[in-house]
1. Please list 94, 83 in order of solvent-accessible area, largest first, computed with a 1.4 Å probe with all protein chains present.
2. What number comes out for the charge environment of residue 65, summing +1 per Lys or Arg and -1 per Asp or Glu over other residues with Cβ under 14 Å away?
3. Could you please put 10, 47 in sequence from largest to smallest accessible area, using a 1.4 Å probe?
4. Using a probe of 1.4 angstrom, how much of the accessible area of segment 3-117 is carbon and sulfur, in percent?
5. Mind grabbing the accessible area of residue 45 for me, 1.4 Å probe, Å², rounded to tens?
6. For segment 3-117, what is the accessible area per residue in Å² when the probe is 1.4 Å?
7. Could you work out how far apart the two model spin labels at residue 63 and residue 112 are, taking each label as a point 7 Å from the Cα in the direction of the beta carbon, and quote it in nm?
8. To the nearest 10 square angstrom, what accessible area does residue 38 show with a 1.4 Å probe?
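The values are calculated or read from the model by the stated rules, or taken from the named source; none is laboratory data. Computed from a predicted model, the values in this text were never measured in an experiment. With ideal geometry, Cβ positions are generated from the backbone for all residues, glycine too; neighbour counts draw on all protein chains shown. Areas reflect the complete protein model, heavy atoms only, side chains present, ligands, DNA and RNA absent. Shrake-Rupley method; radii C 1.70, N 1.55, O 1.52, S 1.80 Å.
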Amino acid sequence: MTLGGLFGRIALQMFFGFVLVLFAGGGLYWILAFFLAVPAIGLSLVIFAPVEYLSARLGVRWLAWIAIPFVGALCPRLVALVDSNPNFAAGVHDLSYLSTMAGVFWTLSSVIVAYLQLPIVPDKRLFD
């Protein structure tokens, strides 16, 4: 994955987040979506991109596309296991949901990028 591909996937991920805000009711939800997109960018850089990179090297990128939403859901729960603050455990469910949505958006953006990189099949009528 190139740096441009990474930025493109993050841009698509943010676009899907803003589309989700439009379906949630519009208004000032875009401010909330913007502040929730910043951790999604961090998850993308630190967790999702390396998982997809390693799976692509092993030849099982499709497995990463299935696993990334689940990996996103587990990230806050792993932090809750080692955190001693009981107040953090109350918000783990919301963080897991948001991390899962970030993983779903990453998977959608990866599938779109993979589809756009397919070669264009020429029309056979041109060669007859």
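1. On the way: 94 105, 83 60 Å².
Accessible-area ranking of 94, 83, largest first: 94, 83.
2. Details: positive: 9, 61; negative: 52.
Net of charged neighbours comes to +1.
3. Sorted by accessible area, descending: 47, 10.
4. Values: 5600 of 7200 Å².
Taking all protein chains in place, segment 3-117 shows 78 percent carbon and sulfur surface.
5. 80 Å²
6. On the way: 7200 Å² over 115 residues.
Accessible area per residue: 63 Å².
7. Going from the residue 63 label point to the residue 112 one covers 2.7 nm.
8. 80 Å²
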